[in-house]
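This report concerns only the one structure given below.
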Amino acid sequence: MSQLLYIATIALAVYSFGCDSGKSDEQKQIENLQSQVATLNNRIQENQEKQQAEQQQKDEQQRLVAEREQEQTAKQQLTEKLNNILVVVDDYDSDGIGHLFNINLKLDNPTDLQFNYVAIDVTYVKANKDVYKTERVYIYNVDPYSVRMQPAPESNRGVDLYASITDYQIKP
């Protein structure tokens, strides 16, 4: 459409140069038409700029949506990996009257994640099933695809115990 307006402008200019100076009404009409063509050209340019701005906005929105989806996927993958890390009480001895000793924790990291540390809460349970106490144990520098053993503190009370991961720091 802009090419058509350009051609019309040229035709009007050629016509206006070929006219006699005595045709002032025709000259005024030509100038009026040239003004209208210029106005139309300005509107076309404004519409094109507006369309470009709208397209840029749509592109930015699509980029942000894609970025959020990637972040969600990465978080979901990380959560799945972290759910595979397991700590268990591997072995312990009891004197039968409430003394727990030689307690060993086993941390299994079957993922490609490397940790600066993994914090484990060891909970000691009394005979009536109440919690006697909870002690925090740290295992440092946990490599990917590794199994680590860590001793846990003894308890002078308790007949059972369990362990759970409560905190961690992933190496960048």
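A short reminder: the numbers here are calculations on the coordinates, not readings from a lab. Note that the coordinates shown come from a computational prediction; the quantities given were computed from them, not determined experimentally. Cβ atoms come from the backbone with ideal geometry, glycine included; neighbour counts cover every protein chain shown.
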Tell me the net charge near Glu60. Cut-off is 14 Å between Cβ atoms, Glu60 excluded, with +1 for each Lys or Arg and -1 for each Asp or Glu.
0
The stretch 68-172: which GluC sites (Glu not before Pro) are DSSP loop and have at most 16 other beta-carbon atoms within 10 angstrom?
Glu154
Residues whose built amide H sits under 5 Å from the amide H of Thr111, excluding neighbours closer than 5 in sequence, are Tyr145, Ser146
Report ³J(HN,Hα) in whole Hz for each residue of the stretch 89-105, in order, from the Karplus equation J = 6.51 cos²θ - 1.76 cosθ + 1.60 where θ = phi - 60°; Gly and Pro get x.
7, 6, 6, 7, 10, 9, 8, x, 10, x, 10, 10, 8, 6, 8, 10, 9
From Cα coordinates alone, what are the radius of gyration and Dmax values for the stretch 36-128 in angstrom?
30.7, 103
Grab the other residues whose beta carbon is less than 13 angstrom from that of Gln114, score K and R as +1, D and E as -1, and report the net.
+1
Between Phe101 and Leu40, what length comes free when the chain is fully extended (0.36 nm per residue of separation minus the Cα-Cα distance, one decimal in nm)?
12.9 nm
Show log10 I(q)/I(0) for the stretch 85-170 at q = 0.12, 0.16, 0.19 Å⁻¹, two decimals, from a solvent-free Debye sum over equal Cα scatterers.
-0.35, -0.59, -0.77
Qualifying trypsin sites (Lys or Arg not before Pro) for the stretch 60-150 [loop in DSSP, other Cβ within 10 Å: at most 15]:
Lys126, Lys129
Starting from the Cα of Lys50, draw a straight line to each of the lysines and keep only those under 18 Å, dropping any in the same chain fewer than 8 residues away.
Lys58
For the chain, what value does the Rg/Rh ratio take when both radii are computed over Cα atoms and Rh is the Kirkwood radius, given to two decimals?
1.70
